[in-house]
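Here the structure is laid out as structure tokens; the discussion comes afterwards.
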Amino acid sequence: MLKPESEADLAALVAGADAPLHVQGGGTRPIGGPTNGTPLTTSALTGIELYEPGALTLVARAGTPLAEIEKALAAEGQRLAFEPMDHRGLLGTTGEPTIGGVIAANVSGPRRIQAGAARDFLLGVRFVDGAGRVLRNGGRVMKNVTGYDLVKLMAGSYGTLGILTEVSLKVLPDTATVATLSIDGLDDGQAVKALSRALGSPFEVTGAAHWPHAAQGSGRTLIRIEGSEASVAYRAGELQAALAGFGEVAFSHDTAANRTLWQDVRDVAPFHAQPGDVWRLSVKPSDAPGIVAQLSGAQALYDWGGGLVWLRVPEGTAPDKIRQPVDAAGGHATLIRGNRSAGVFHPLPAPVAALQEGLRQKFDPRGLFNPGLMGQAA
Amino acid sequence: MEMPRPNPQVIARKADLIERLSRVLPADAIISDPAETRAYECDALTAYKCPPLAAILPASTQEVADALRICHDMGVPVVPRGSGTSLAGGALPTEDSVILGVARLNEVLETDYENRFIRVQTGRTNLSVTGAVEEDGFFYAPDPSSQLACAIAGNIAMNSGGAHCLKYGVTINNLMGVTMVLMDGTVTEIGGAHLDAAGYDLLGLICGSEGQLGVVTEATLRILHKPEGARPVLMGFDSNEVAGQCVSDIIKAGVLPVAIEFMDRLCIRACEAFAKAGYPDCEALLIVEVEGSDAEIDEQLETIMEIARRHNPVELRQSTSAEESAKIWLGRKSAFGAMGQINDYMCLDGTIPVSQLPYVLKRIGEMSGEFGLDVANVFHAGDGNMHPLILFDANKPGDLERCEALGAEILKLCVEVGGCLTGEHGVGIEKRDLMTDQYAPEDLSIQMAVKDVFDPKWLLNPAKVFPLASSEAHRIAAE
């Protein structure tokens, strides 16, 4: 395992490389097609370089453990609002998730529906390109349209365009109270309608999930609200009234228990230690129940008001079986756990695939970084 | 401002170009009479003017694709134009270019409250997107000051923000999908009604690319339910530094207002004369707005006003009615217009880390004295996006040049303290030659390599964003 100790060492290593590299952070998210490169980790590039709570900004080297960043933020009553998922439980991996890995995979949790994705909180990057150059884009300010936004391009590119060495992030205040409203017994279609009603209200819902088999085999629909105690109580009351037509709406304001519950939603806990392949679908929320209904033998968990569907299907289920209904409705499906040689990422329309391949050739002309991982030419 | 030498061969083939365009566009969508093309000679950066070879106004994605293909085949540069409100010269033509105006692409294509999005053609104005959904209680969040006039196409090109982006984000945070036509006429669909488009984040790349990568004809935008209520509070201070410290303390306290706006004395007086908003006459004014139910607003404002009191404000006053709130915002949103009534001015757009506000304001004051030009400050303090307005006299020889020199110094200061040249207006031609102050040559080179991928012939808005010396090799290679 190559483990450069500094950005300069990494740049020199890439400049002198003559064979592909398998770029990773903490290695806890083995997502993507098989890649044959020499393993290289950024986990030695660590440290929070700057944290200004009054400016809501934090700059850290890419290999900094996520836990270290979350601890520093918690000490100031702040947090990463995009709530990155921990993949270890679902994928059975061990190791230490890094902030660079979070960004490279654009990992967001339930609050994505309200606050935005990881890429929406990424203000700046430093990375090493395929020629071994150290490049910089964006900065550490909230608003920046100075030149092209390569910051977002790097987020979610899984190390195929460059190796991240430093990220600047926007952070937000944490909240005092976390409450959950829940409705039992809704079918998937009704559940998504209820979640849409809540998300289409002015009451700032920050989580909207549905677990079809949570309550003695019937569904449980979950809505999160966060804020001050008084504000949460008020909004809970308004939402209970707005959702009364869907059934009895239970209210929990046990903040500690709710933090755990939403961590389970974030980490897809009901699928941990369960057999089968796991797919992740991004679709229009109202399309989700219909897509799931077409997939016999699939178990689903809904997040993002229905727009994110986690599917557990029998091992070896053909990708086309999942992708066909997603294609018909619009959206994309990614294989998160299962046989990764069958194609992990959703095939792109030809013109978009051509742009993606064109970018890849500019950023990494020698095809060094994670060849094959995103389905691109090795 | 240096622009590339117009291509005489393109100009010589004007008649042929118009003839070919007329096969794919209705006659009234092609403007080629020199008297009429003058309407497109500049945008809101009026210091620079140049009539284009022609202007076209396609009304569908297909027409855009057909017209672009013709220009591509003939090697004609194309400058896309939204509503022409760019303050950075983003829509400034060259003599050999065709202006592609999106004004006729103004339909709402789909409104979906259940899934909380609206799909529009991009010539539609920002405010009219909200207008299409507000009766049902929804709104489109980005709110640039020019929202009455500016088009979604331009918002996407410049990744526009607005006063309320502290809470709701800028255009890219509210953009879910686009239909985009590449320079060679290829139509691409990226993203849609689902979150996080598949593959690389091309939406993130396109947004803010100043019309250099493609022409976005349709956009899927996130809409939100309007908050129950909103209320601004006015805070007056007797120094800029204290106001800057107050901003930082509010943010640190864990309450996140939807907007924190800042104005200095020059600006306060001009806006008050214009809008009669009841602004106090003081050195620095903050407008802080929070949202929610009445009780939620009371709770948040209590915390915020307590922080303000610790900084000895000369004025601390909540709005007491919807009318008063509207006036307070009218004053702020009219700032540029109000200043324009009393002076010529140049508006800057640098962004700085919020912690640097007091220092930067002090330095701007000193530089203003050194250059002998007044600078009024009005900006989005919550996110550090500054809009210093440099006052000058356009009729006085040398004043514009002095003003530009001061502007460049202020922007360099923004970069020096860890900020950037432009937060929401874009680079255009205005900040083009300062790009080397922010980015190293290789940082610019990788950005230009992106343009090579989307527009290999460098025909889309080619003279913008990158210093001509930096882009020369790419433009020559493209010929």
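The values are calculated or read from the model by the stated rules, or taken from the named source; none is laboratory data. Just so we're clear, the structure is a prediction, and the values are computed from it rather than from any experiment. With ideal geometry, Cβ positions are generated from the backbone for all residues, glycine too; neighbour counts draw on all protein chains shown.
Observations on the structure shown:
- Here is the figure for segment A:201-240: residues that are away from chain B (no Cβ under 14 Å) and more than 26 Å from A:V309 (Cβ to Cβ) total 1.
- Complete set of residues in segment A:108-140 that are without any contact (Cβ under 8 Å) to a residue 60 or more places away in the chain, more than 21 Å from A:E357 (Cα to Cα) and of a type in the set (A, V, I, L, M): A:A117, A:A118, A:L122, A:V125
- Conditions (1) facing another protein chain (nearest Cβ under 9 Å); (2) surrounded by fewer than 24 Cβ atoms within 10 Å (Cβ to Cβ); (3) of a type outside the set (A, V, I, L, M, F, W, C); number of the one not met by B:D433: (1)
- Contact map, segment A:212-226: residues that are touching a residue at least 24 places away in the same chain (Cβ under 8 Å) paired with residues that are among the basic types (K, R) and part of a strand (DSSP E or B), Cβ distance under 8 Å, separation 6+ or inter-chain. Pairs shown: A:A214/A:R220.
- Among the residues of segment A:172-200, just one is within 9 Å of chain B (Cβ to nearest Cβ), outside any helix (DSSP H, G or I) and either buried (at least 22 other Cβ atoms within 10 Å of the Cβ) or of a type in the set (S, T, N, Q) (or both), namely A:T175.
- For segment B:209-232, the set of residues classified as of a type outside the set (D, E, K, R) and not in a loop (DSSP other than H, G, I, E, B) consists of B:V215, B:V216, B:T217, B:A219, B:T220, B:L221, B:L224, B:H225, B:A230, B:P232, listed by residue number.
- Qualifying helices (runs of 4 or more DSSP H) (wholly inside segment A:261-374; at least 2 residues being out of contact with any helix residue (DSSP H, G or I) (no Cβ under 8 Å at 6 or more places or on another chain) and either of a type in the set (A, V, I, L, M) or buried (at least 17 other Cβ atoms within 10 Å of the Cβ) (or both)): A:319-329, A:350-363
- Enumeration of residues in segment A:311-338 that are touching a residue at least 40 places away in the same chain (Cβ under 8 Å), out of contact with any Lys or Arg (no Cβ under 6 Å at 6 or more places or on another chain) and on the phi < 0 side of the Ramachandran plot: A:R312, A:E315, A:T317, A:I322, A:V326, A:A329, A:H332, A:L335, A:R337
- Exactly one residue out of B:G350, B:G369, B:G423, B:G398 is outside the structural domain of B:K276 (by TED's automatic domain parsing) and on the phi > 0 side of the Ramachandran plot, and it is B:G398.
- Close pairs (8 angstrom Cβ cut-off, 6 or more residues apart or separate chains): over 17 Å from B:V242 (Cβ atoms) and more than 14 Å from every other protein chain (Cβ to nearest Cβ) in segment B:344-371, among the small types (G, A, S) and crowded, with 21+ Cβ neighbours inside 10 Å anywhere: B:Y345/B:A376; B:M346/B:G407
- Taken over segment B:25-84, residues that are part of a helix (DSSP H, G or I), of a type outside the set (F, W, Y) and crowded, with 16+ Cβ neighbours inside 10 Å amount to 14.
- Enumeration of residues in segment B:341-383 that are in contact with a Ser or Thr (Cβ under 9 Å, 6 or more places away or on another chain) and among the β-branched types (V, I, T): B:T351, B:V354, B:V375
- Taking the conditions (1) touching an Asp or Glu at 6+ places or on another chain (Cβ under 6 Å); (2) farther than 19 Å from B:T179 by Cβ; (3) at pLDDT 95 or above in turn, B:S86 satisfies each one other than (3).
- Count of segment B:382-407 residues which are at pLDDT 90 or above and within 14 Å of another protein chain (Cβ to nearest Cβ): 4
- Among the residues making up segment A:127-143, those that are at pLDDT 95 or above and either farther than 14 Å from A:L58 by Cα or part of a helix (DSSP H, G or I) (or both) are A:F127, A:V128, A:D129, A:G130, A:A131, A:G132, A:R133, A:V134, A:L135, A:R136, A:N137.
- Elements of type helices (runs of 4 or more DSSP H) in segment B:116-208, at least 2 residues being without any contact (Cβ under 8 Å) to a residue 40 or more places away in the chain and at the interface with another protein chain (Cβ under 9 Å from one of its Cβ atoms): B:202-206
- With a requirement of 1 or more residues that are hydroxyl-bearing (S, T, Y) and under 24 Å from A:T146 (Cβ atoms), the strands (runs of 3 or more DSSP E) lying completely within segment B:336-406 that satisfy it span B:344-347.
- Qualifying residue in segment B:462-473 (condition: outside the structural domain of B:E409 (by TED's automatic domain parsing), in contact with a strand residue (DSSP E or B) (Cβ under 9 Å, 6 or more places away or on another chain) and without any contact (Cβ under 8 Å) to a residue 24 or more places away in the chain): no
- Among the residues of segment B:240-280, those identified as of a type in the set (G, A, S), more than 14 Å from every other protein chain (Cβ to nearest Cβ) and surrounded by fewer than 17 Cβ atoms within 10 Å (Cβ to Cβ) are B:A273, B:G278.
- Only one entry in A:T38, A:T64, A:T94 is over 19 Å from the mean Cα position of the chain (by Cα), over 25 Å from A:G207 (Cβ atoms) and modelled with pLDDT of 95 or more, namely A:T38.
- Selection from segment A:37-63 of residues that are within 14 Å of another protein chain (Cβ to nearest Cβ) and in a strand (DSSP E or B): A:E49, A:L50, A:Y51, A:E52, A:T57, A:L58, A:V59
Condition check ((1) farther than 28 Å from A:Q78 by Cα; (2) in the same structural domain as A:V14 (by TED's automatic domain parsing); (3) at pLDDT 95 or above) across all residues:
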{"residue": "A:L122", "(1), (2), (3)": "no, yes, yes"}
{"residue": "A:V151", "(1), (2), (3)": "no, yes, yes"}
{"residue": "A:D188", "(1), (2), (3)": "yes, no, yes"}
{"residue": "A:A209", "(1), (2), (3)": "no, no, yes"}
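- Qualifying residue in segment A:2-20 (condition: of a type in the set (K, R), at pLDDT 95 or above, crowded, with 18+ Cβ neighbours inside 10 Å and assigned to a loop (DSSP other than H, G, I, E, B)): no
- Failed item in (1) away from chain A (no Cβ under 14 Å); (2) under 21 Å from the mean Cα position of the chain (by Cα), with B:R222 passing the rest: (1)
- Qualifying residue in segment B:410-419 (condition: under 30 Å from A:E357 (Cβ atoms) and facing chain A (nearest Cβ under 9 Å)): no
- Boolean, B:A478 is more than 10 Å from chain A (Cβ to nearest Cβ), in contact with a Lys or Arg (Cβ under 6 Å, 6 or more places away or on another chain) and surrounded by fewer than 19 Cβ atoms within 10 Å (Cβ to Cβ): yes
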